[in-house]
Amino acid sequence: MARRFGGRFSPQPRLDGTDPRPPARPAPGEIRHPLESRTRWVTIMAIPFLLSAFWQDPTGLVLQLAAFGAIASGMWMTREGLQAEAAYDARRVARRPAIPRKLFGGILTGLGLAIGAWVPGAEAGAGVIGVAGAVLHWLAFGTDPMRDKGMEGVDAFQQDRAQRIVTEGEAHLKAMQDAILRTGDRRLEARVGMFAATARELFGHIEDDPDHIAALRRYLGVYLQGARDATVKFADLYAQTRDPRARQDYETLLDDLETEFAARSARLLEGGRSDLDIEISVLRERLSREGLRPAMPGPERPMTMDDLLIPRTGEKQRR
């Protein structure tokens with residue numbers, strides 16, 4: 001019988017079956033769109049164009065191969081567009097895809113159907129079939145994201161810089177996870193996976209607020225690069241010697257790095273709360289000076305939402 005793998009580094013579920021930790025930021029390869037499998041089936045259904053091409057005259061051969069190639073290329077573009085849409089939906093702050101891949105995929109699919117249905121003297125019918133195929137593609141897969149999400153007040157240059165650094169950090173994490181596989185130890189693989197999840201939590205904060213990229217660049221670059229190099233050397237050594245001391249030193253290194261990354265993530269959250277408190281205090285003081293709300297409440301009277309939203313009765317009567 002299969003058993004749940006766990007250990008002292010594994011999160012312990014609550015009695016009600018829920019996980020005490022928030023869901024981790026998914027790795028780039030883990031993001032999947034639920035409609036991706038449809039592109040494979042459409043490509044399979046276009047195979048008759050490919051098979052029947054070899055029983056045609058030269059013109060028919062070229063047309064049938066072109067039809068299959070256009071449909072297969074359209075499905076490839078559509079799958080890329082679905083992956084870009086899934087990555088867009090998974091982030092709180094994201095730019096729209098630079099290339100509308102699903103749009104181009106629909107055009108190629110309709111063009112492939114039109115080429116496959118073309119016969120001399122029936123150009124109009126082939127065009128209708130191509131347009132119908134493009135419309136069905138739009139109904140089946142939807143449109144590309146056409147607007148930026150959560151980019152209000154975000155510096156575009158800083159966002160691009162943060163994205164490049166996060167991509168570099170993801171490459172370091174992927175190299176660590178690939179290297180630790182050489183040890184053949186599931187506990188070590190799980191340990192590296194938990195460190196990667198902690199690092200990706202910091203990646204998510206950087207993507208949401210790229211203004212902190214300067215202070216955290218060494219964590220996403222230098223520290224992760226050092227962890228990658230240490231993992232590669234440890235994996236090569238441990239696969240040959242099974243040295244328990246080397247394993248203990250490596251796990252201690254991961255503990256220290258994970259603690260530091262988690263502390264940085266918590267500090268970013270606390271900094272965001274402090275900034276929000278400051279903004280609220282400034283707004284309340286300004287409203288108080290303009291007579292739109294009572295003076296700042298003291299310890300004997302806590303603030304309520306009515307104080308912020310409803311003007312004083314006397315002020316309202318005077319006006």
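Rule-based calculations on the coordinates, nothing more; no lab input. Quick caveat, the model's predicted, so the values are computed rather than measured. Heads up, the Cβs are rebuilt from the backbone with ideal geometry, glycines too, and the neighbour counts pull from every protein chain shown.
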Condition met for residue 143 (within 21 Å of residue 31 (Cβ to Cβ), of a type in the set (Ser, Thr, Tyr) and either surrounded by fewer than 18 Cβ atoms within 10 Å (Cβ to Cβ) or more than 36 Å from the chain's Cα centre (by Cα) (or both)): yes
Residue within the range 51-67 that is of a type in the set (Val, Ile, Thr) and under 26 Å from residue 35 (Cβ atoms) present: no
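The rows are residues; the columns are (1) more than 17 Å from residue 110 (Cα to Cα); (2) not charged (D, E, K, R).
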residue	(1), (2)
36	yes, no
44	no, yes
52	yes, yes
58	yes, yes
72	no, yes
